[in-house]
Amino acid sequence: MAEQKTLRVLDPTATHSIATAGMAERPDSLAGKRVGLLSNDKLNSEELLDAIYDVLAERFDVAASHRLNKGDASRPAEPEFLSDFSSEVDVALLANGD
């Protein structure tokens with residue numbers, strides 16, 4: 001007689017949870033805001049941010065954009081770099097490429 005095996009079926013669904021601790025408050029509007037675009041030097045990261053910014057600029061009356069590339073995808077940006085960047089913008093978009 002063949003050995004009987006048990007098949008265990010898992011339910012992949014879960015309840016959604018969104019972590020908000022430590023997140024900056026979102027502005028009510030982007031009108032008049034300076035939008036920061038921070039890329040990580042990966043292929044297409046700057047192009048992705050530019051495309052997103054173009055959509056935002058069409059839909060909202062943004063004041064300006066401030067583009068920077070942190071230059072190294074494998075290392076976090078230095079605190080001073082991030083401090084300088086954040087002082088120039090009201091909201092920030094970050095992107096990975098590839």
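Bear in mind that the values in this text are calculations on the coordinates, not laboratory data. Here the structure is a predicted model, which is why all the values come from computation and not from measurement. Counting neighbours? That spans all protein chains shown, and the Cβs are built from the backbone with ideal geometry, glycine included.
Listing for the model above:
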{"quantity": "Filter result for Arg75 (in a strand (DSSP E or B) and among the basic types (Lys, Arg))", "calculated": "no"}
{"quantity": "Failed item, numbered, when Ser74 is tested on (1) within 12 Å of Asn96 (Cα to Cα); (2) small (Gly, Ala, Ser); (3) surrounded by 14 or more Cβ atoms within 10 Å (Cβ to Cβ)", "calculated": "(3)"}
{"quantity": "All positions within the stretch 82-98 that are of a type outside the set (D, E, K, R), assigned to a helix (DSSP H, G or I) and out of contact with any Gly (no Cβ under 9 Å at 6 or more places or on another chain)", "calculated": "Leu82, Ser83, Ser87"}
{"quantity": "Only one of Leu56, Leu48, Leu68, Leu43 that is in a strand (DSSP E or B) and within 19 Å of Asn96 (Cβ to Cβ)", "calculated": "Leu68"}
